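*Asks:* Below you'll find the structure I mean.
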Amino acid sequence: MTSAAERGFQLSTGTPGTLGVSGVLSFDTAASARQEIESALAEGAAVTRLDLAGVRHSDSAGLACVLAIVAEAGRRGRALQVIHMPAGMQVLAQVCEVDRLMA
């Protein structure tokens, strides 16, 4: 099994109602991150926030990962607020005109 360090990202549930993501959300990690985040959200019914404060690097695949997670939560009838989005990801979301999908 691959360790969190090898994946390049980590999930944390230290704050009630919040799933924290740290590390890298990129082409190399987005698929596994999406799978693990969606699994964690399915297990944690009380999670209402996705905290990206710990994300140190992201690219378009990382943004797509976050958008897919928010969309899946919506399909399941759950509102998921994305907080502390890194500045680079915010700019990319604005350029791609998808920032309003995470508001």
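The values are calculated or read from the model by the stated rules, or taken from the named source; none is laboratory data. All figures in this text were calculated on a predicted structure; none of them were measured in a lab. Cβ atoms come from the backbone with ideal geometry, glycine included; neighbour counts cover every protein chain shown.
*Asks:* Could you tell me whether residue 9 is crowded, with 20+ Cβ neighbours inside 10 Å and not basic (Lys, Arg)?
*Replies:* yes
*Asks:* Anything in region 23-35 that is among the charged types (D, E, K, R) and surrounded by 18 or more Cβ atoms within 10 Å (Cβ to Cβ)? List them, or say none.
*Replies:* Residue satisfying the conditions is 34 alone.
*Asks:* Within the bounds of region 65-81, is there any residue that is acidic (Asp, Glu), surrounded by fewer than 19 Cβ atoms within 10 Å (Cβ to Cβ) and over 12 Å from the mean Cα position of the chain (by Cα)?
*Replies:* no
*Asks:* Is it true that some residue in region 36-50 is under 22 Å from residue 94 (Cα atoms) and surrounded by 16 or more Cβ atoms within 10 Å (Cβ to Cβ)?
*Replies:* The answer is yes, given that some residue of region 36-50 is under 22 Å from residue 94 (Cα atoms) and surrounded by 16 or more Cβ atoms within 10 Å (Cβ to Cβ).
*Asks:* Consider residue 8 against the criteria (1) on the phi > 0 side of the Ramachandran plot; (2) of a type outside the set (D, E, K, R); (3) at pLDDT 95 or above; (4) touching a Leu at 6+ places or on another chain (Cβ under 9 Å): it satisfies all of them except one. Which criterion is unmet?
*Replies:* (3)
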